[in-house]
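So the structure is just underneath, and the comments pick up after that.
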Amino acid sequence: MTYYNTNSEVGEQLNKAVKAANVQTEKVYNILNGKGTATAWHIYSDISFIGQKGMLITSIRRSLNTLEKEGKVRKVEQVRNHFGRKEWTWQVI
């Protein structure tokens, strides 16, 4: 798990933020594991479709980078997203 404590949270607020980051990373991993490959925006769409409370696209990207550092996912190829920008397709290892 990686939580970037950019707001200098402490105590119970820090514990809640770390827990939320862990839950988000687990959700991202589970969705990616079920899909085979996906971009951050594909995962975002899936999370929204299944009615999860708002997860920011930046949180999904943080989760993917955390999972990559943990050796659980890898980048496959770059594609253009719906904004015309390049983004990575990810895959569970």
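The values are calculated or read from the model by the stated rules, or taken from the named source; none is laboratory data. Remember, predicted model here, so these are calculated numbers, not experimental data. Every residue, glycine as well, gets a Cβ built from its backbone with ideal geometry; the counts of neighbours run over all protein chains shown. Remember, those area values only see protein heavy atoms, side chains included, never the ligands or the DNA or RNA. Shrake-Rupley method; radii C 1.70, N 1.55, O 1.52, S 1.80 Å.
From the set of residues in the stretch 37-47 that are open to solvent by 30 Å² or more (accessible area, probe 1.4 Å), more than 15 Å from Val79 (Cα to Cα) and of a type outside the set (S, T, N, Q), which is farthest from the chain's Cα centre (by Cα)?
The residue in question is Asp46.
List every residue pair whose Cβ atoms lie under 7 Å apart, where the two residues are 6 or more positions apart in sequence or sit on different chains, the first residue falls within the stretch 6-23 and is within 22 Å of Ile60 (Cβ to Cβ), and the second residue, located anywhere, is aromatic (Phe, Trp, Tyr).
Cβ pairs passing all conditions: Ala17/Tyr3; Val18/Tyr3; Ala21/Tyr3.
Would you please list the contacts, defined by Cβ atoms under 7 Å and residues six or more apart or on different chains, that run from a residue in the stretch 58-81 that is closer than 24 Å to Thr6 by Cα to a residue that is open to solvent by 70 Å² or more (accessible area, probe 1.4 Å) and at pLDDT 95 or above?
What qualifies is Glu68/Arg74.
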